[in-house]
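Every number in this text was worked out from the coordinates using simple rules, so none of it is lab data. Small disclaimer: the values here were computed from a predicted structure and weren't measured. Glycine gets a Cβ as well: all are built from the backbone with ideal geometry, and neighbour counts include every protein chain shown.
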Amino acid sequence: MRRGTGPVSDHDDAGNAIVEFLAVTVLLLIPVLYLVLLLGRLQAATFAADGAAGEAGRAYTEASTIDVGSARAVAAVALALRDQGFEDVDPASSLKLECSSVPCLQPGSDVAATVRFAVRLPFVPSFVSSVVPLEIPVRGDAVAPVDQFRGR
């Protein structure tokens, strides 16, 4: 007992630390963890789109014909997207190739490759789509030169 204060227990706040820890965890830690998860996924998507566009352009310019080049470019996009965990993205529909000359693959010309797809936000339910976007678009661009001495 303390002098002059009456019977007061030293353990009146027992259990408050647990409640405070849970409140801080829910209010701060969970949103920060979600943000880290989301930013990691977006970084992987950006890396995949840039890599896929570069490899698609190179694969297209090294091909002997336009048809072979298109098939190689789609395969390169599929490989780059799969490497970063985006197996659900259709490589053929996400790839766009543009040539700087007609016909394509003329020596000294350029081929521009663009890869676009959408990254779905993890753990966001579809009923909040009117308030929060459910997908974030990602785009990667690259220009690959056709060898100037091609076919000589």
Looking only at the range 58-66, decide whether some residue is over 15 Å from the mean Cα position of the chain (by Cα), among the charged types (D, E, K, R) and more than 20 Å from Pro145 (Cβ to Cβ). no
With the structure loaded, tell me whether Ser130 is more than 18 Å from the chain's Cα centre (by Cα) and exposed (fewer than 11 other Cβ atoms within 10 Å of the Cβ) or whether it fails that test. yes
Within the range 107-139, tally of residues that are under 13 Å from Ala48 (Cβ atoms) and either in contact with a Ser or Thr (Cβ under 7 Å, 6 or more places away or on another chain) or charged (D, E, K, R) (or both): 5
Residues located in the range 109-141, provided they are touching a residue at least 24 places away in the same chain (Cβ under 8 Å), of a type outside the set (Asp, Glu) and over 19 Å from Val68 (Cα atoms): Arg116, Phe117, Val119, Leu121, Pro122, Phe123, Ile136, Val138, Arg139, Gly140
Could you tell me whether the range 76-93 includes any residue that is surrounded by fewer than 18 Cβ atoms within 10 Å (Cβ to Cβ), small (Gly, Ala, Ser) and touching a residue at least 40 places away in the same chain (Cβ under 8 Å)? yes
